[in-house]
Number of protein chains: 2
Amino acid sequence: MAYRILIADDEPMLRKLLAEHLEGEGYAVNTAGDGGEVMGLLGTRPDIILLDINMPGVDGLRLCRDIRDAVSCPIIFLTARISEEDKVMGLRAGGDDYITKPFSLSELSARIEAHLRRDERQRREESIISSRGLIVDLRGRRVLWEGQEIRFTKREYEVIEFLIMNRNQIFDRERMYELIWGLDAGGDSRVIKEYVRKIRQKLLEATGKEFIETVWGMGYRWKR
Amino acid sequence: MAYRILIADDEPMLRKLLAEHLEGEGYAVNTAGDGGEVMGLLGTRPDIILLDINMPGVDGLRLCRDIRDAVSCPIIFLTARISEEDKVMGLRAGGDDYITKPFSLSELSARIEAHLRRDERQRREESIISSRGLIVDLRGRRVLWEGQEIRFTKREYEVIEFLIMNRNQIFDRERMYELIWGLDAGGDSRVIKEYVRKIRQKLLEATGKEFIETVWGMGYRWKR
DNA sequence: CACTTTTTTGACCGTTTCTTGACCTTTATG
DNA sequence: CATAAAGGTCAAGAAACGGTCAAAAAAGTG
């Protein structure tokens, strides 16, 4: 699906120019000429907003703050002249970047891409979702249920990650211990029992569901 | 346009694994199995090079130097084991980071991103970053809150810049130390504790907010 | 050089997490 | 049903971690 860009500028000509250019680059574009329209178009869930802060009759900074309260996508200011102060003010209001008019279209594209890329990377962070809505964010090393984080310690997390990455496989404690703690860990594989207990407890408390299954005599397995 | 990564490793399986993973993350990937191929592929202008320094029949350090003479992108060593000596030698030869096998793919991605971000900033001449109203002026190496400068020392600033540029990623102290102080800094990563404390104190005093989060057992993270 | 500022180190303490061992419960099997 | 083996629970001590402070070491400055 194409990225969606919301352009907010009072000059119809510029709006059109930008819209055409960006559509030509494959983006889905919406345009707005005043604050009301902008707020109304937030429902389109834009991936990026280009906002002229000098629209007549509109307090750009105020608008920026309102947008920020409603959505979290990057906001790039378009502005005629920018003084250090404006820059600072804009960023303070929650903008992410600014670009001064006149700007080249390729410059604009470059900035948009940079922001999208940054977000994209974060979004794509290879989160694995277990069958029942439990989200394990590998990069962030956390576990989420209905948007809420379920806190786990380092070891607990490592065990979860291991099981969920190898779901449907059964591991006995010895093997899990070697694979998670490392071959050279000189400890006792019975710790696994304890970790499974702690994990089960926290997960049950938070979700009301069972995720780790015991296969008698064989080991544990993450239920798909 | 996607970032381009050049992978140099003699093991075809590993090459394939890495290539597939990184392509899945949206990178353009080239692979090379020996020194000649590597040099030949420099023409693709990679943004980052992953280099196994222990390729049989290849003097990895020599190769690194040759690469360095030709291009300036970051070079990350992939290496089985790394001794202090190896580390120093590799760095002398022009490497920027190392990662010891076996490593997790998410770990690798995180490192790649950290390097790319650093570069991206320079390429785009991005000069200002903001986070929840806090403004970091990269050019001026200053931090502002509501127009007022919050004074930080050189090191303090470097730590802030690093964290904010890699916001939402967790870094343990060891890694932060290596990436900020440099791999060849022979010191003790516990300094990080102290800097985090100082930074938190100054930021809290000036803004009343918490920006650096502690993730127990895992490290620190800049709250977005 | 004397003085200030910054960086680094070491020690201490409270907290969290990890691990262990003892004991209890369930399951398979003769 | 008795028994052994596997799994589950609990509490407590050990170890690791993070926060804080003060002071030493190093770097910068007039």
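The values are calculated or read from the model by the stated rules, or taken from the named source; none is laboratory data. Keep in mind that this is a model prediction, so the values were computed, not measured. Note: ideal-geometry Cβ built from the backbone for every residue, glycine included; neighbour counts use all protein chains shown.
Counting only residues that are within 14 Å of DNA strand C (Cβ to nearest atom) and in contact with a Lys or Arg (Cβ under 6 Å, 6 or more places away or on another chain), how many does the range A:165-189 have?
The total comes to 1.
What number of residues in the range A:190-201 are within 8 Å of DNA strand C (Cβ to nearest atom) and in contact (Cβ under 8 Å) with a residue 12 or more places away in the chain?
So the count comes out to 5.
Are any residues in the range B:18-47 touching a residue at least 40 places away in the same chain (Cβ under 8 Å) and more than 14 Å from chain A (Cβ to nearest Cβ), and if so, which ones?
If the condition is that a residue be touching a residue at least 40 places away in the same chain (Cβ under 8 Å) and more than 14 Å from chain A (Cβ to nearest Cβ), then B:L18, B:T44, B:R45, B:P46 are the ones that fit.
I'm checking my understanding of the structure. Among residues of the range A:161-186 that are closer than 16 Å to A:R132 by Cα and away from chain B (no Cβ under 14 Å), which one is nearest to DNA strand D (Cβ to nearest atom)?
A:L163
Please note which strands (runs of 3 or more DSSP E) are completely contained in the range A:118-224 and include at least 1 residues that are at pLDDT 90 or above and either closer than 23 Å to B:L105 by Cα or among the aliphatic types (A, V, I, L, M) (or both).
A:134-137, A:142-145, A:148-150, A:212-215, A:219-222
I'm trying to understand the selection: among the residues of the range A:199-224, which are out of contact with any strand residue (DSSP E or B) (no Cβ under 9 Å at 6 or more places or on another chain) and within 17 Å of A:R155 (Cβ to Cβ)?
Hit for the range A:199-224 is A:Q201, nothing else.
Take the range A:46-65 and flag every residue that is outside any helix (DSSP H, G or I) and closer than 19 Å to A:L18 by Cβ.
A:P46, A:D47, A:I48, A:I49, A:L50, A:L51, A:D52, A:I53, A:N54, A:M55, A:P56, A:V58
All but one of (1) within 13 Å of chain A (Cβ to nearest Cβ); (2) away from DNA strand C (no atom under 13 Å from the Cβ); (3) of a type outside the set (V, I, T); (4) farther than 26 Å from A:R155 by Cα hold for B:E149; which doesn't?
Condition not satisfied by B:E149: (2).
How many residues, within the range A:57-80, are among the hydroxyl-bearing types (S, T, Y) and in contact (Cβ under 8 Å) with a residue 24 or more places away in the chain?
Within the range A:57-80, residues that are among the hydroxyl-bearing types (S, T, Y) and in contact (Cβ under 8 Å) with a residue 24 or more places away in the chain number 1.
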